[in-house]
Structure formats: structure tokens, C-alpha cells
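Visitor: This structure is in C-alpha cells; I'll ask about it shortly.
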Ligand SMILES: [Zn+2]
């Protein structure tokens, strides 16, 4: 079974630090791999609360070093490796998460089977899942989104970025997860709801999921925003909810 569990749908500083919404990123189960993606503040607590066992993780992936995405990365490494007793698991992160003022503690790195530095156009394997980082995003620091692909399942994760026209081409997939911090367009380095609409219209996925809400989207009630986007685009758009389990497409059942 392929699925995404939302360990948090809050994004940006104010909402996260008030914990109006949880901020643990996504838990992914795809083609037998378990992945923690962007483990922000509370990821381990949220996973455990949802009966997801972080000692069984196969990989931890970071889109970028900002705290709302990375605050729990070290505790997740400890959990995945059982405090270093089991050297295992992969860590994928942009270079600036490892370098000076690193968000990934140096003493934990030896606990891992591999630490990989994400680069633009990079392609990585986690078990039978291929993870691609098609393009560097327009956001402070080094930021990537991802396309996750396994037999019968392709979905994309459009992390924090300012909108740019090529985004849609890089993230074509059946299911897209879009970080939508802002309700209205603005000059900050984040996607807004009008940007999400542009992406949905260009990609036309089976399902689009908006998440990583800032205050303006939260006040407008994300489920209402999603309903409006569905009506306007004709594509099924849903708003992430803390704890939501979303079933991803799976491989076709075999004939025999
Ligand atoms: Zn950010």
C-alpha cells in the first residue's frame, strides 16, 4: 500500500511557532520504503502519536534547512538508527544543511548508511522508489522539491519556492502536493493560492493537495479554499489535515 500521512500542515514562522497546526512534515510509505520528509518541529511526536514507528524508517529527506522543515531531523536520525546502535538508513539533504551552521549534527552522520547531498537534476534510490530533485527553487538557501516514482505511482512534492513558469513542467505527476503559505500573491519567496491554481491548471493531476499553510490560508479555512480551487479548475483539490492519510496510486494487480 502506498500512502502519505500528514504529520503536519502548518508552514511559515508564526503559525508553526504558535503550533496552531502541527509541523512534522510527511510520512511516506511507498513500494516498501518508509520515508520521513521535512521533519519539522514535532515530527517524532506526531509520528509516534499516529502509531508510526520511526525506528523502521528507511530514509529522511530534507527539502531545505529552514526550521519549519528541519527542526526534528536529528531526533529522526536517532530514531531511524536506534540511537546509533543500528547503522542504517539514508539521509538526503541540500549541501547547505551539512555545511557551516549545519542543521544536521556532525556526530550523528556516522550512524547513517549513507548521507547524500542533493543537487539540481539529481536522482536517488530509496529501495524501489526513485526520488528526483528536478530543479532548484527560488527561495532563500538551497531548496529542492521532489518527484517520487515507483511502479504504478508517481507523485510530486512542490516545496517552498517563489512561483516560476517552468515549475509545472518539472513536477508533472498524478498526485501533486503543493506548499501554499499565502492566500494572495505577494513578493515573498512562497507560493500563494493563485500560484497553486496556475500549477494545477498546467499539470492537471488526478489529485492536488495543498498544505504548509501560513496564517492567511489558515484564516480562510484551507478546506474552503480547496473546494473553491476544485470548482475553478475542475481538478480534485484537497486541503491537507493534520493526521490525514492519503492513499497514493499503487501498481496494477498482476494477472495471476
Ligand atoms: Zn522555507
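Visitor: Which pairs do you get when a residue that is on the phi < 0 side of the Ramachandran plot, found in region 92-109, comes within reach of a residue that is assigned to a loop (DSSP other than H, G, I, E, B) and modelled with pLDDT under 95, reach meaning Cβ atoms under 8 angstrom, with the pair 6+ apart or on two chains?
Guide: What qualifies is 94/141; 96/141; 108/84.
Visitor: Now a separate question. Quick one: which residue in 211, 233, 180 is farther than 17 Å from residue 23 by Cβ and either within 16 Å of the ligand (Cβ to nearest atom) or surrounded by 15 or more Cβ atoms within 10 Å (Cβ to Cβ) (or both)?
Guide: 233
Visitor: List pairs: first residue in region 7-21 and over 16 Å from residue 180 (Cβ atoms), second residue assigned to a helix (DSSP H, G or I) and modelled with pLDDT of 95 or more anywhere in the structure, Cβ distance under 7 angstrom, at least six positions apart or on different chains.
Guide: Going by the 7 Å Cβ cut-off, the qualifying pairs are 7/43; 7/46; 7/47.
Visitor: Could you tell me which residue of region 118-131 is farthest from residue 141 (Cα to Cα), considering only residues that are touching a strand residue (DSSP E or B) at 6+ places or on another chain (Cβ under 7 Å) and part of a strand (DSSP E or B)?
Guide: Looking at the filtered set, the residue picked out is 129.
Visitor: Which of the strands (runs of 3 or more DSSP E) contained wholly in region 1-111 include at least 3 residues that are within 16 Å of the ligand (Cβ to nearest atom)? Give the steps one after another, and end with the answer.
Guide: Details: elements: 3-8, 23-30, 33-37, 59-61, 90-94.
Strands (runs of 3 or more DSSP E) meeting the threshold: 23-30.
Visitor: Of 147, 217, which residue is in contact with a helix residue (DSSP H, G or I) (Cβ under 9 Å, 6 or more places away or on another chain), at pLDDT 95 or above and surrounded by fewer than 22 Cβ atoms within 10 Å (Cβ to Cβ)? Break it down into steps so the answer makes sense when it comes.
Guide: Values: 217 fails: surrounded by fewer than 22 Cβ atoms within 10 Å (Cβ to Cβ).
Just one listed residue meets the conditions, 147.
Visitor: Applying the selection to region 132-150, what residues are within 16 Å of the ligand (Cβ to nearest atom) and part of a strand (DSSP E or B)?
Guide: Across region 132-150, the qualifying residues are 133, 136, 144, 146.
Visitor: Looking at region 151-175, which of the residues that are assigned to a strand (DSSP E or B) and farther than 22 Å from residue 66 by Cα is farthest from the ligand (Cβ to nearest atom)?
Guide: Here is the first cut: in region 151-175, the residues assigned to a strand (DSSP E or B) are 153-158, 175.
Next cut, farther than 22 Å from residue 66 by Cα only: 153-155, 175.
Details: 153: 27, 154: 25, 155: 21, 175: 22 Å.
Once the filter is applied, the top-ranked residue is 153.
The values are calculated or read from the model by the stated rules, or taken from the named source; none is laboratory data. None of the values given here were measured: they were computed from a predicted structure. Reconstructed Cβ throughout: ideal geometry from the backbone, glycine too, with neighbour counts over all protein chains shown.
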